[in-house]
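Note sheet for the following structure.
The values are calculated or read from the model by the stated rules, or taken from the named source; none is laboratory data. Everything quoted here is computed from the prediction, not taken from an experiment. When we count neighbours, we look across all protein chains shown, and the Cβ atoms used for this are built from the backbone with ideal geometry, even at glycine.
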Amino acid sequence: MTAEDLAAVGLRLDLDSPVATVTLDRPQVRNAQTPAMWLALADIGATLPDDVRVVVLTGEGPSFSAGLDRAMLDPATRGEESVIGLLALSDEDASARVEQFQRGFTWLRDPRFVSIAKVRGHAVGAGFQLALACDLRVVADDAQLSMKESALGLVPDLTGTKPLVELVGYARALEICATARVVPADEAVRIGLATTAVPADDLDGAVADLVAALLAPMPGVVAETKALLQGASDRDLDDQRRLEREAQVRRFRALAAALG
């Protein structure tokens with residue numbers, strides 16, 4: 001997609017190899033999201049250059065994202081991108097359409113790079129789920145995280161339930177989702193939702209320092225490590241140690257090639 005195409009759906013992509021910065025750029029509505037934005041995010045993920053090692057996801061202005069654009073819930077909004085439009089489809093077709101929307105979130109888990117959500121202000125509903133899709137979350141001390149879907153009569157369906165349970169456990173995840181309450185920055189750090197919380201004025205610097213630390217190892221090291229860790233909890237020890245030694249052999253060969 002061109003920069004103009006992305007701008008039309010409220011996105012901006014800045015490539016500064018090996019870092020890609022994706023900005024939700026609808027500050028006038030606190031970066032509220034639309035299905036068109038999710039489809040464009042999926043396209044970004046599918047077309048990122050291979051040399052990208054870190055992806056930073058952020059929002060323009062004082063909020064990360066206020067969640068789903070409420071216009072999508074308005075009966076006057078027609079088409080498959082609205083709730084009313086989805087209801088016009090069969091259950092199978094509606095599910096398939098939501099699966100396309102989910103791809104705007106799943107690409108952030110790609111082991112080729114580490115993804116960082118840089119969160120200030122509101123990260124609500126789809127905004128919270130977009131932050132959860134990233135590997136790491138660095139938040140400003142004014143961050144307010146909330147899984148708001150239950151208050152709208154809906155469930156989280158943009159890939160946020162699995163990482164939420166993995167990060168905070170089943171009981172806490174259920175409480176956060178069912179009550180739709182706000183999780184402030186200090187609690188987010190305490191329960192494992194956020195890597196760190198910093199004063200809002202220090203957020204850019206904190207993320208820049210983290211990016212630099214992630215880029216410090218030679219290319220390939222962090223990607224191999226991420227791939228090992230991603231599925232570790234679902235594998236038995238024999239499978240995990242096999243994957244470790246296979247990865248290490250690849251690293252030995254890469255080191256030998258680098259040393260000439």
Kindly indicate which of Leu154, Leu164 is in the same structural domain as Leu132 (by TED's automatic domain parsing), not small (Gly, Ala, Ser) and not in a helix (DSSP H, G or I). Leu154
Within segment 224-239, can you find the residues that are surrounded by 10 or more Cβ atoms within 10 Å (Cβ to Cβ) and in contact (Cβ under 8 Å) with a residue 24 or more places away in the chain? Glu224, Lys226, Ala227, Gln230
Among the residues of segment 178-193, which ones are in a helix (DSSP H, G or I) and in contact with a Leu (Cβ under 7 Å, 6 or more places away or on another chain)? Ala188
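Residue-by-condition table, conditions (1) at pLDDT 95 or above; (2) more than 16 Å from Lys148 (Cβ to Cβ); (3) not assigned by TED's automatic domain parsing to the domain that holds Leu193:
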{"site": "Ala42", "(1), (2), (3)": "yes, yes, no"}
{"site": "Val56", "(1), (2), (3)": "yes, yes, no"}
{"site": "Asp69", "(1), (2), (3)": "no, no, no"}
{"site": "Arg78", "(1), (2), (3)": "no, yes, no"}
{"site": "Ser90", "(1), (2), (3)": "no, yes, no"}
Qualifying residue in segment 145-162 (condition: more than 24 Å from Gly231 (Cβ to Cβ), under 19 Å from the mean Cα position of the chain (by Cα) and surrounded by fewer than 21 Cβ atoms within 10 Å (Cβ to Cβ)): yes
What is the number of the single condition among (1) under 24 Å from Tyr170 (Cα atoms); (2) in contact with an Asp or Glu (Cβ under 7 Å, 6 or more places away or on another chain); (3) part of a helix (DSSP H, G or I) that Ala197 does not meet? (3)
